[in-house]
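Working notes for the structure below.
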Amino acid sequence: MDKRPLIVAALVLSTLAAPCLAAEGTDAGCSRIADVDLPYDVDVAADALRFEDGDDAIVVTPDRIESGGQVFRDDAVHAYHDDLRGFLDNAGSMAKVARAFLHRSAFPQAATDMCHAILAVQASGAEIERRFPGFTSPVRVSLKSSPPVARTPSGTIHP
């Protein structure tokens, strides 16, 4: 599976998800997504997700992660695998993105689904990185930092 269509689909949908959700009166954190990067070629076979960049390969199954010659097993791996799979399923088809553009009623849902998949894989990836020393998630999500909040003497909050 070529990584470029995945990234284009993820960025298009995540960029447009925040305005779609804002129009519906919710944001669900989508506006926090700054960037999504997947610098690997991806192969999905049954329950094994293989990420390869020529020098390195990462294999994620529901019960383990193989990376850098190490095998990592933890209760959090299953959720991470499911979040990676959800991200790949949402971003995997440019045809799906094109159909979402053609069917205006379907686009907000596609954007919302992609946003949720990106936020889920970011959260579970960060958890795995904390538990598995030296591991870096193959799907790299950058979130915007919140603007500093300042209080005036009268207690008014200014972003």
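Laboratory data are not the source of any read-out in this text; all were calculated from the coordinates shown. As the structure is a prediction and not an experimental result, all values here were calculated from the model.
Given H placed on each backbone N at 1.01 Å, which residues far from Thr136 in sequence or on other chains put an amide H within less than 5 Å of it?
none
Between Ser142 and Ala34, what is 0.36 nm times their sequence separation minus the Cα-Cα distance? Round to one decimal in nm.
Once the chain is fully extended between Ser142 and Ala34, it gains 38.3 nm.
Please list, ordered by chain and number, the residues whose modelled amide H lies under 5 Å from the amide H of Asp35; skip anything fewer than 5 residues away on the same chain.
Here Ser142 satisfy the definition.
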